Amino acid sequence: MIEAPTEASSAGSLPAFPDAPPRPSLTEQAAAALRRLILLNLLPPGDVLNEPDLVARLGVSRTPVREALKLLAGEGLVTLRRNRAALVARLDPADLVPLFELEMALESFCAGLAAERMTAAEIDRLDRLQAALEAARDDRDAYTRLNRQAHRLIVTAARSPAIAEAHGRAFARLERARNFALAADGRVTESLSEHRAILDALRAREPERARTLMQAHVARTQSLLVVRLTEGPRR
């Protein structure tokens, strides 16, 4: 349940933490909670967003829920409908496949460079992230966060700021689609194996193998996404 922001301190008294950022409004908190549910596909594409259900689920009134839905519609996560309940925005392969192709090109290129340029400390960190990923295989929130960190580490280890910037934009836009594909039967185990192979290639300083493995890793995610969207996910 979302907690309401606390009242401002009484007149004449000093705030306990004057440098602390302002607490998010109820609308911002509701939007953050819904955004998380949508990005993790706990509210899948096409789901009806019934206001009374959301009010009960989030523990806020209808006004913050309605405003949160408008915010998420602006982010492309929600589809608003006139005189009808909003929907979780559907995923369209026509929009997503080109982004996956961009991610595939950027990440495979970076993996090849990282095999040559990664420091020993960065490889050790990636090894720790791999262990954490394997421990978090049943924790969707943690797995998503750690997976993002692992991919980002490989990209930054390529030492190309321009590529890293372009990758950051594409990767963020694909987060929901990536999680959608990850929910396919056996994909987490498969993905962990692919990550281990990429780590081994980076540790062995084998650029071509690292590049090929990363390309196959992203391509597999893309293909699973298209299959799941075509056949419909299991609920």
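The values are calculated or read from the model by the stated rules, or taken from the named source; none is laboratory data. Model, not experiment: these values are computed from the prediction. Heavy atoms of the whole protein, side chains included, go into the accessibility calculation; ligands, DNA and RNA do not. Shrake-Rupley method; radii C 1.70, N 1.55, O 1.52, S 1.80 Å.
If you consider only alpha-carbon coordinates, what radius of gyration and Dmax does the chain have, in Å?
Radius of gyration, then largest Cα-Cα span, for the chain: 20.6, 66 Å.
From the helices alone, meaning DSSP H stretches of at least four residues, give me the mean residue ellipticity at 222 nm for the chain, per-run term -39500 (n - 2.57), in deg cm²/dmol to the nearest 500.
Details: 10 runs with 156 residues, N = 235.
Computed mean residue ellipticity for the chain: -22000 deg cm²/dmol.
Tell me the per residue accessible area of the chain using a 1.4 Å probe; a whole number in Å² is fine. Please list the in-between numbers first.
Working: 12790 Å² over 235 residues.
Roughly 54 Å² per residue, with all protein chains present.
P(r) of region 115-235 in 5 Å steps, Cα pairs, percent per bin?
Pairs per bin, as whole percents: 2, 10, 21, 24, 22, 13, 5, 2, 0.
For the chain, with a Gaussian network of springs between Cα atoms less than 10 Å apart, report the residue from ARG81, ARG36, ARG209 with the top mean-square fluctuation.
With Cα springs under 10 Å in the chain, the top fluctuation among ARG81, ARG36, ARG209 is at ARG81.
Calculate what fraction, in whole %, of the accessible area of the chain sits on carbon and sulfur atoms when a 1.4 Å probe is rolled over the protein chains.
Numbers: 6820 of 12790 Å².
Looking at the chain in its full context, I get 53 percent from C and S.
Using square roots of five times the C-alpha gyration tensor eigenvalues, list the equivalent-ellipsoid semi-axes of region 67-174 in whole Å, biggest first. Working shown, then result.
Numbers: eigenvalues 215, 65, 24 Å².
Result for region 67-174: semi-axes of 33, 18, 11 Å.
Which log10 I(q)/I(0) values does region 45-118 give at q = 0.19 Å⁻¹ under the Debye formula, counting every alpha carbon as one identical point scatterer?
-0.79
5 Å is the cut-off here: which amide hydrogens, built 1.01 Å from N in the peptide plane, fall below it relative to VAL78, excluding neighbours closer than 5 in sequence?
Close amide H contacts, sequence-distant or interchain: ALA73, ALA89.
Could you give P(r) for region 144-211, binned at 10 Å from zero, as whole percent values over all Cα-Cα pairs?
Cα pair-distance distribution for region 144-211, in percent: 18, 46, 34, 3.
What percent of all Cα-Cα pairs in region 93-142 falls in each 10 Å bin, counting up from 0?
Computed distribution, short to long bins: 22, 28, 41, 9, 0.
Quick one: Cα centre-to-centre distance for region 196-235 and region 142-166, in angstrom?
Going from one Cα centre to the other spans 15 Å.
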